[in-house]
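Below: one structure, written as structure tokens.
The values are calculated or read from the model by the stated rules, or taken from the named source; none is laboratory data. All values reported here derive from a predicted model rather than from experimental measurement. Glycine also receives a Cβ, built like all others from the backbone with ideal geometry; neighbour counts cover every protein chain displayed.
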Amino acid sequence: MKTANKRALTSALELKEADDAENVVTKALADLTKTVDDRLKAVETKSGDSVKLTERFDKLEAKMNRPAAANSNVPVADNDNPTPEAKAFGTYLRRGDRGLQDIDMKALTVATDATAGFLAPTEFSSEILKALRLFSPLRQYAKVVTIAGSEIKFPRRIGSTAATWVSEIADRTESGPSYEQVTLTPWEMATFVEISRQLLEDAAYNVEGEVSSDLAESFAIAEGKAFVDGTGTDRPKGILVATGIAEVKTGVAADFPAANPGDKLIDVMSAIPTAHAQNGAWAMNRNTLGIVRKWKDSQGNYLWQPGLQAGQPSSLLGRPVIEMVDFPDVAAGKFPIVFGDWSGYRIVDRTDFSILSDPYTRAKNGIVVLHSRKRVGGDVTNPDRFAKLKVSV
């Protein structure tokens, strides 16, 4: 541009001698102005093309500077064509929940691993939820002894001496006690559980402790049921099966009497000696208890009374009530209620509940075997301390 300006100025000065000075200057300025305008227009035209080219270079450079994917098989994300998930996430950051359309909300879901599920991993609690397992708590009220042999024998008096009134020189009458023998035999309960060694090593829970707890519950349930209705063959003899216990009938074939049913409870309570009745307790299941709780005396007072203090059992006719889940419901020929002094039922423990961990027998399969066992027996040693209510005519 400087060269063009100098050339134009020189041409103007050479015409100075022939033309008037004013005309020369005016023409030179006009030429200079035209030349400058032309040059500026040319520069502006080239500058427009340059800007477009620069923009293209900038885009290529930005793409080349993006980091490569960790897996060469996975293509690098294209910011010019974002995925629906990326668009939805960007919209959420700018506008929140309100900015998301239905299709965007479907894209961000935990249910699908690829769209968000991997970002919300499952959390496992350290607590194991368990269903309640009930058992008859007869052991808590019976007399429990530990023996060191295969069985134990108790002599039981069945007859006593008898004193008689006599005159001064009259003959005296002989009398003497008589006895029988009661034998209690401990029977064995056993089971085993197989657990893989890898499970014991890798589980987030104490698997062995959990299995041990479950086994202890199972043994308590099994022996509680045997103490109630066991046959006495390969297991303890239950209170409902034992002989020699007084029976009181309901007078109705398959139910309690409709009129004054509570009177039958008084009959049961009166069937044993006073000394035993004073230490006695009622036993029945919850269904039977639900029926008995509705009974009232002639003044309209409920026979059943709740415990007034924490830890105190509810009472029926002034005596405690024990819920035995293994007692039968009210039905023909059944014994739904027993009353008595529960020390008249004796439990003999030969070996306590134990668990033996055996890592060797099935070691070739990577399995640990937990063997559990217990030896226990039971029977009624004093049948005169109990009375049963039988649903019968």
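Let me confirm something: among K237, K143, which residue is at pLDDT 95 or above, under 35 Å from the mean Cα position of the chain (by Cα) and not assigned by TED's automatic domain parsing to the domain that holds P336? So that I can check it myself, show each step before the final result.
On the way: K237 fails: not assigned by TED's automatic domain parsing to the domain that holds P336.
Answer to the check: K143.
Got a sec? Which of A259, A242, A253, A222 is assigned to a helix (DSSP H, G or I) and either assigned by TED's automatic domain parsing to the domain that holds I367 or among the β-branched types (V, I, T) (or both)? Let's see the steps before the verdict.
Working: A259 fails: assigned to a helix (DSSP H, G or I); A242 fails: assigned to a helix (DSSP H, G or I); A253 fails: assigned to a helix (DSSP H, G or I).
The conditions single out A222.
Filter the range 259-278 down to residues that are under 13 Å from V248 (Cα atoms) and among the hydroxyl-bearing types (S, T, Y), then give me how many there are.
1
May I ask you to verify whether A204 is under 27 Å from S357 (Cα atoms) and of a type outside the set (F, W, Y)?
Values: under 27 Å from S357 (Cα atoms): yes; of a type outside the set (F, W, Y): yes.
The answer is yes for A204.
Please go through the range 271-290 and pick out each residue that is under 31 Å from the mean Cα position of the chain (by Cα), in contact (Cβ under 8 Å) with a residue 24 or more places away in the chain and not in a loop (DSSP other than H, G, I, E, B). Quick ask: steps written out before the conclusion?
Taking the range 271-290 first, the residues under 31 Å from the mean Cα position of the chain (by Cα) are 283-290.
In the following step, the residues that additionally are in contact (Cβ under 8 Å) with a residue 24 or more places away in the chain were identified as 283-289.
The answer is A283, M284, R286, N287, T288, L289.
Residues that are under 30 Å from M324 (Cβ atoms), in contact with a strand residue (DSSP E or B) (Cβ under 7 Å, 6 or more places away or on another chain), buried (at least 17 other Cβ atoms within 10 Å of the Cβ) and of a type in the set (A, V, I, L, M): does the range 179-188 have at least one?
The answer is yes; a qualifying residue exists.
Among (1) under 21 Å from the mean Cα position of the chain (by Cα); (2) touching a residue at least 40 places away in the same chain (Cβ under 8 Å), there is one condition L199 misses while meeting the rest; what is its number?
Here L199 meets the rest and fails (2).
Is there a residue in the range 307-319 that is in contact (Cβ under 8 Å) with a residue 24 or more places away in the chain and either basic (K, R) or within 26 Å of M189 (Cβ to Cβ) (or both)?
yes
Scan R373, R346 and give me the residue that is under 17 Å from K153 (Cα atoms) and touching a Ser or Thr at 6+ places or on another chain (Cβ under 9 Å). Outline the logic, then answer.
Numbers: R373 fails: under 17 Å from K153 (Cα atoms).
One residue alone meets the criteria, R346.
Read through the list (1) at pLDDT below 95; (2) basic (K, R); (3) surrounded by 10 or more Cβ atoms within 10 Å (Cβ to Cβ), then give the number of the only condition that R157 fails.
(3)
For the range 384-393, give me each residue that is surrounded by fewer than 20 Cβ atoms within 10 Å (Cβ to Cβ) and not charged (D, E, K, R). Steps first, answer last, please.
Restricting attention to the range 384-393, the residues satisfying the condition of being surrounded by fewer than 20 Cβ atoms within 10 Å (Cβ to Cβ) are 384, 390, 392-393.
Within the range 384-393, S392, V393 qualify.
Condition first: at pLDDT below 95 and among the β-branched types (V, I, T). Can you find one or more residues in the range 222-229 that meet it? Before you say what the answer is, go through the steps one by one.
Taking the range 222-229 first, the residues at pLDDT below 95 are none.
No, the range 222-229 contains no residue that is at pLDDT below 95 and among the β-branched types (V, I, T).
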